[in-house]
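Structure record follows, encoded as structure tokens.
The values are calculated or read from the model by the stated rules, or taken from the named source; none is laboratory data. Being a predicted model, the structure only gives us computed values, none of them experimental. All Cβ positions, glycine included, derive from the backbone under ideal geometry; neighbour counts span all protein chains shown.
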Number of protein chains: 4
Amino acid sequence: MIRFENDYLEGAHPDILKRLLDTNLEQTAGYGADPYCEHARSLIRGACRRPDADVHFLIGGTQTNAVVISSILRPHQGVICASTGHINVHESGAVEAGGHKVLALPSADGKLTAGDIAACCERHYQDGDREHMVQPAMVYLSQPTENGTLYSAAELSDISAVCRRYGLPLYLDGARLSYGLASPRNDLSLSQIASCCDVFYIGGTKTGALFGEAVVITNPALKRDFRYLIKQHGALLAKGRLLGLQFETLFTGDLYLKIAGDAVRLALDIRRAFAEKGISFYYDSYTNQQFPILRREQLLALSDTYSFSPWCDLGDGRYVVRFCTSWATTAQNAERLCEDIRGRL
Amino acid sequence: MIRFENDYLEGAHPDILKRLLDTNLEQTAGYGADPYCEHARSLIRGACRRPDADVHFLIGGTQTNAVVISSILRPHQGVICASTGHINVHESGAVEAGGHKVLALPSADGKLTAGDIAACCERHYQDGDREHMVQPAMVYLSQPTENGTLYSAAELSDISAVCRRYGLPLYLDGARLSYGLASPRNDLSLSQIASCCDVFYIGGTKTGALFGEAVVITNPALKRDFRYLIKQHGALLAKGRLLGLQFETLFTGDLYLKIAGDAVRLALDIRRAFAEKGISFYYDSYTNQQFPILRREQLLALSDTYSFSPWCDLGDGRYVVRFCTSWATTAQNAERLCEDIRGRL
Amino acid sequence: MIRFENDYLEGAHPDILKRLLDTNLEQTAGYGADPYCEHARSLIRGACRRPDADVHFLIGGTQTNAVVISSILRPHQGVICASTGHINVHESGAVEAGGHKVLALPSADGKLTAGDIAACCERHYQDGDREHMVQPAMVYLSQPTENGTLYSAAELSDISAVCRRYGLPLYLDGARLSYGLASPRNDLSLSQIASCCDVFYIGGTKTGALFGEAVVITNPALKRDFRYLIKQHGALLAKGRLLGLQFETLFTGDLYLKIAGDAVRLALDIRRAFAEKGISFYYDSYTNQQFPILRREQLLALSDTYSFSPWCDLGDGRYVVRFCTSWATTAQNAERLCEDIRGRL
Amino acid sequence: MIRFENDYLEGAHPDILKRLLDTNLEQTAGYGADPYCEHARSLIRGACRRPDADVHFLIGGTQTNAVVISSILRPHQGVICASTGHINVHESGAVEAGGHKVLALPSADGKLTAGDIAACCERHYQDGDREHMVQPAMVYLSQPTENGTLYSAAELSDISAVCRRYGLPLYLDGARLSYGLASPRNDLSLSQIASCCDVFYIGGTKTGALFGEAVVITNPALKRDFRYLIKQHGALLAKGRLLGLQFETLFTGDLYLKIAGDAVRLALDIRRAFAEKGISFYYDSYTNQQFPILRREQLLALSDTYSFSPWCDLGDGRYVVRFCTSWATTAQNAERLCEDIRGRL
């Protein structure tokens, strides 16, 4: 079985493992107060062109979202999010467990618009009984979205402007940020993201790390006491240098973007193979996730050799499925899949 | 100005005030451990034909919903609710502040169906990654709904059966239960409600009391330690007998249903007056709330004499508004409104 | 049985009931947006000499504490409190349910000192791993304390200075504030309390109201969105005017202090009667609560005629009990108790 | 600088790194549904002689405590704990953030007794107003304690009996369990712990793993939906096999106990070196943590070569400090420290 069901099937990029091995018996201070974390922070500040940013390393995405959101909101406040947003559907209610409502706005492609956000705020503040409702108080985006779609620089900039107008911190979930940055359709740089957002995270788990997400806080008002929140959520890794070492490796010599670029190229090869068979896509993704719409027999023709994720049943005999590539996908496996798409469907 | 904007504009039914006055200087134990509460509990058990039920008195609806829901759910569980449900929109995120997601299902008229609930559970348990999602674990209904619509005996019975099949406690919010019971379209008795639901509350605030809601717990598994939850939510009134005295009065000599019946009759008079002018209604309510759809000039023709609530702007020059009657609405005021509807619109 | 076990045994002061009766069928806006609340707010601002203060009316003490504390703290912060403080022992974990640790400091008499608070902050900020610990971020006092003891003007002023030095909002729980203000040992005025504290509440439940506590916020930074928090906690009374009417009555013609003064005088009569029999006191209270230390036979000699609260068993055959007077205690009942103390003990 | 300040200074045992390296590019299912986790679970079940136990792998201790406690308690319930317990002092209020009070009982050596627990429950249930207080509903122990002290088999068995009498699940935090099991003073086996406790965890982070804690649930009532809680707390590692691989390695060929035994032997060498200089200890620890009481000059005599943790200032010119060994401490470094203790103090 060749697996394409998600982008966390393997361990870590070999450079990372080597680095862990080389430093294994060194003694360093715990909880991120070690030189590797310090160096990694400085590399990330450089990549974002934000020497003033605070950078913190956490372990996984759900945890990171919970820490960031709980550090920002007061109890009566909620977070605006596309209805398909990860915090709304796939985090077991972690935001609510922290006391906050996810204010989910309908979205066809997984993206919010500046207009959606403004309308939500207007509705709230126009209501005479507004204190009976959860106050919209921050915005959550994911880039790329859970559907592989991308915000353009113009879109993100518009959203940022609306957020600033209404006083809403803007938070971007970058679990797969590398695959966005490496997409041929992307026109957003890390430094533009850092300018538009008050806080965002750069995902490591899905791009070559064993685990790890790097939170970048650019808004000074949001920096205060962030480490208490990390600790309270059980997200302060005792051997914190493991995170520093991994991000140091990823942000040395452009490894992060390089391995993501390879993954996206293979995903687009797969996309083309499907498209050439006349197969259409549920979401228009130019990132490492592809969502072809298959008939049952097409699905069966691939499922003995390849694993992929069910996404949804269209009810008309067609099914949306997801194929993911990652930094670890081999050209050979991707090519074999393309051939079987061409040959079997 | 004659006010119809809501059903909590006045104080209490005179019988209640008299009772408070007559007993004012008696000394009784606090926190509901007094003979008036005991008597009121026994009257309510009788009215529900559930001698085994636990009855607790709380102060208001938002508080009652928060206490009941937090007493039932574990942290990873959510409450199924119509998207228009009070807990989803008008309680400032009290359910989320208690740690739980409201699993809002779309609803045109404010009601859930047995099928909606079953489908929600099926979707959850069919998913291989179900632990990434909030587990549906109880159902919240309001009777009448926030829109004045009513569950029939058959509908409630179907919902109850689905809830039992999936192991979901069924909770009914009866903030305006009296106006449902007194509706000519109602076919549900208090004892049927008590049979179908695991827990529900009988609203006092909107039906003659200064304040107060009576929670009735019929499912023995949900009775345990309920008073701790009341206290933790700041809902254990020190002078608890005030609640006992009010519900004792309401459940003596059928006062509760009698005053609600009067209010519903006046609401239906108003309904007829609108209907006779060709005005249609946003929700098909036969309870104390009426939702006519008015053009701007119709709205203005009434607004100098009467207050009523804006509900929504249909965007085509028409507006939905709400007129409420209550136990305190006088026949004279309702009749005057009817005349002005006939005369001015 | 003549009851002295607590100070919420009766209903309301007759002037309050009369006022409720006189206004009963008036129609007013809900949720505190009525003229009675507005007038009561203005009277309280006047009594505190703080025309700039925000005043909100809530229903009970546990609820008020929960709302105030949750409106101030971020998730990693805790509230400093004497170990005997009401929030630490008698609110069923309401503060913790809101997500916060009560940082309880040992106290013999129920009072905190400026030094205790400073030391707690110093310990916290000196620790290199401070983010592993809950951050002290506000201070909770009760005046009088749960033990009837009083902060002097000098003590409160010192505490206030320390709080300002460490950036801790100071919150004073005035559930029995009237009985403190009316004590012969008191040297603190309402306006001094308002100057020293960032937020405090004036208790109504135990001083003539059916229920109700008036929160006074003097620190502008703590005013923001307070009504959302009230609503979220289910503490926004639908018929809010009931609270306005009660506080309007209490703060008209000095009724609040007058009835509290009567209660304290009777409590001190009882104190003297015990003292004249050589009976000592567990706490040195000059307020409406008295804590004599009785031997079993003394206790039994009174318990057939009077009810009072057990407080603690000293383990040497002696027991601490509590006698409370209130605005409703009659001179006749207090005198009879004094006589029986003199005659039977 | 040779570091003894804690037991998480280095990376992982070389066998673990090798295993990660060997399996790095294999593709496996995420979130713990892989064969390595399955094998590790089976090894742990075997070591505990509990084929029926549920075993879950989490990342760190604070997180594990939060997940376990929130999976057990209802909102009005608290967890009994020694005042020095990790959850009470060093987890930034994670338990309270989950809504629960830590019911801290005073303890001189970090241990609870069966009598303490029984007395706490008795006090609670004897109180007529018990619902005003947090209900004791589970017990948290750490073995070894934060002070290096150990429960004997008899003590744990007594505590377990009391817990069962009062219906309190017993939870044991085994962050350093290996160093307890390997202590010459220990008389408790893993299988006895599994019999006495309802749930406990076996710490990996401090014993050879990069990170990881294995939760063992023996009480069937506590197994339900545990994975939802893990996910909600952001504790479900995407590449879950990393945890499986580590525990598989530790529980193969007795590696876990062997490396802990080495660490304890070195700690006891250090203990003897201090003792021979007449230095006494703040806690009587026979595990990998040692707490000598040093005068300032003694402290300075070591601090240029060795790092160790400040513990507390006794106020009489003496200081308690902590020296830790771990699986990674070399005999050479420990011997050098012993020599310097003998030579310099």
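Exactly one condition in (1) charged (D, E, K, R); (2) within 30 Å of B:Ala97 (Cα to Cα); (3) in a loop (DSSP other than H, G, I, E, B) is not met by D:Glu96; state its number.
Condition not satisfied by D:Glu96: (3).
Residues in the range B:75-129 that are touching a Ser or Thr at 6+ places or on another chain (Cβ under 6 Å), among the charged types (D, E, K, R) and either away from every other protein chain (no Cβ under 13 Å) or more than 28 Å from C:Tyr228 (Cβ to Cβ) (or both): how many?
Residues meeting the conditions: 2.
Going by the conditions given, is C:Leu266 in contact with a helix residue (DSSP H, G or I) (Cβ under 6 Å, 6 or more places away or on another chain), under 23 Å from C:His13 (Cα atoms) and among the aliphatic types (A, V, I, L, M)?
Criteria met by C:Leu266.
Give me a count of the residues in the range D:130-153 that are in contact with a Ser or Thr (Cβ under 9 Å, 6 or more places away or on another chain), over 30 Å from D:Ala267 (Cβ atoms) and among the hydrophobic types (A, V, I, L, M, F, W, C).
2
Please indicate, with yes or no, whether at least one residue in the range D:243-255 is within 11 Å of chain A (Cβ to nearest Cβ), under 30 Å from D:Val139 (Cβ atoms) and in contact with a Lys or Arg (Cβ under 7 Å, 6 or more places away or on another chain).
Taking every residue of the range D:243-255 in turn, none turns out to be within 11 Å of chain A (Cβ to nearest Cβ), under 30 Å from D:Val139 (Cβ atoms) and in contact with a Lys or Arg (Cβ under 7 Å, 6 or more places away or on another chain).
If you scan the range A:301-323, which residues turn out to be in contact (Cβ under 8 Å) with a residue 60 or more places away in the chain and within 18 Å of A:Arg342 (Cα to Cα)?
Within the range A:301-323, A:Thr305, A:Tyr306, A:Ser307, A:Phe308, A:Arg322, A:Phe323 meet the criteria.
Just for the range D:1-59: of the residues that are in contact (Cβ under 8 Å) with a residue 24 or more places away in the chain and hydroxyl-bearing (Ser, Thr, Tyr), which one is farthest from D:Leu245 (Cα to Cα)?
Only one residue fits best here, namely D:Tyr8.
Filter the range C:273-284 down to the residues that are touching a residue at least 24 places away in the same chain (Cβ under 8 Å) and in a helix (DSSP H, G or I) and list them by number.
Across the range C:273-284, the qualifying residues are C:Ala273, C:Phe274, C:Glu276.
Here's the yes/no breakdown for (1) assigned by TED's automatic domain parsing to the domain that holds C:Asp225; (2) crowded, with 24+ Cβ neighbours inside 10 Å; (3) assigned to a strand (DSSP E or B):
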{"position": "C:Gly78", "(1), (2), (3)": "yes, yes, yes"}
{"position": "C:Ser92", "(1), (2), (3)": "yes, yes, no"}
{"position": "C:Ser107", "(1), (2), (3)": "yes, no, no"}
{"position": "C:Gly110", "(1), (2), (3)": "yes, no, no"}
{"position": "C:Gly115", "(1), (2), (3)": "yes, no, no"}
{"position": "C:Ala119", "(1), (2), (3)": "yes, no, no"}
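Can you find a residue that is within 11 Å of chain C (Cβ to nearest Cβ), out of contact with any Asp or Glu (no Cβ under 7 Å at 6 or more places or on another chain), part of a loop (DSSP other than H, G, I, E, B) and at pLDDT 95 or above anywhere in the range B:51-58?
Checking the range B:51-58: not a single residue is within 11 Å of chain C (Cβ to nearest Cβ), out of contact with any Asp or Glu (no Cβ under 7 Å at 6 or more places or on another chain), part of a loop (DSSP other than H, G, I, E, B) and at pLDDT 95 or above.
Table: residues versus (1) of a type in the set (A, V, I, L, M, F, W, C); (2) more than 22 Å from B:Ala29 (Cβ to Cβ).
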position	(1), (2)
B:Gln232	no, no
B:Leu236	yes, no
B:Gly240	no, no
B:Gln246	no, no
B:Thr249	no, no
B:Gly253	no, yes
B:Tyr256	no, yes
B:Ala260	yes, yes
B:Leu266	yes, yes
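So that you can scan it fast, the table gives a plain yes or no per residue for (1) in contact (Cβ under 8 Å) with a residue 60 or more places away in the chain; (2) surrounded by fewer than 19 Cβ atoms within 10 Å (Cβ to Cβ); (3) out of contact with any Asp or Glu (no Cβ under 7 Å at 6 or more places or on another chain); (4) of a type in the set (Asp, Glu):
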site	(1), (2), (3), (4)
A:Leu170	no, no, no, no
A:Leu177	no, no, yes, no
A:Pro184	yes, yes, yes, no
A:Leu188	no, no, yes, no
A:Val199	yes, no, yes, no
A:Gly203	yes, no, no, no
A:Gly212	yes, no, yes, no
A:Val215	yes, no, yes, no
A:Thr218	yes, no, no, no
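Within the range D:74-83, count every residue that is over 21 Å from the mean Cα position of the chain (by Cα) and not basic (Lys, Arg).
So the count comes out to 3.
Using the structure shown, decide if A:Glu131 is of a type in the set (Asp, Glu), assigned by TED's automatic domain parsing to the domain that holds A:Ala154 and either surrounded by 24 or more Cβ atoms within 10 Å (Cβ to Cβ) or over 19 Å from B:Asn88 (Cβ atoms) (or both).
No.
If I filter the range B:186-197 down to residues being farther than 10 Å from B:Val216 by Cβ and not polar (S, T, N, Q), which single residue comes out as farthest from the other protein chains (Cβ to nearest Cβ)?
Looking at residues that are farther than 10 Å from B:Val216 by Cβ and not polar (S, T, N, Q), I get B:Asp187.
In the range A:1-39, what residues are surrounded by fewer than 19 Cβ atoms within 10 Å (Cβ to Cβ), assigned to a loop (DSSP other than H, G, I, E, B) and of a type in the set (Asp, Glu)?
Across the range A:1-39, the qualifying residue is only A:Glu26.
So which of D:Val139, D:Val162 ends up being free of Cβ contacts under 8 Å to residues at least 60 places away in the same chain and β-branched (Val, Ile, Thr)?
Criteria check complete, one pass: D:Val162.
Kindly evaluate A:Ala275 against the criterion of being of a type in the set (A, V, I, L, M) and either surrounded by fewer than 17 Cβ atoms within 10 Å (Cβ to Cβ) or over 21 Å from the mean Cα position of the chain (by Cα) (or both).
Yes, satisfied.
With the condition kept exactly as written, say whether any residue in the range C:66-81 is in contact with a strand residue (DSSP E or B) (Cβ under 8 Å, 6 or more places away or on another chain) and among the small types (Gly, Ala, Ser).
For the range C:66-81, residues in contact with a strand residue (DSSP E or B) (Cβ under 8 Å, 6 or more places away or on another chain) and among the small types (Gly, Ala, Ser): present.
Answer yes or no as to whether B:Val139 is away from chain C (no Cβ under 14 Å), β-branched (Val, Ile, Thr) and crowded, with 22+ Cβ neighbours inside 10 Å.
When the stated conditions are applied, B:Val139 passes them.
Do we find that A:Gly253 is over 17 Å from A:Cys37 (Cβ atoms), surrounded by fewer than 22 Cβ atoms within 10 Å (Cβ to Cβ) and within 24 Å of the chain's Cα centre (by Cα) in this structure?
yes
Name the single residue that is surrounded by the fewest Cβ atoms within 10 Å (Cβ to Cβ) among those in the range D:40-50 being of a type in the set (Lys, Arg) and either outside any loop (DSSP other than H, G, I, E, B) or within 7 Å of chain A (Cβ to nearest Cβ) (or both).
It comes out as D:Arg45.
Any chance the range C:288-297 includes a residue that's in a helix (DSSP H, G or I) and of a type in the set (A, V, I, L, M, F, W, C)?
Within the range C:288-297, not a single residue is in a helix (DSSP H, G or I) and of a type in the set (A, V, I, L, M, F, W, C).
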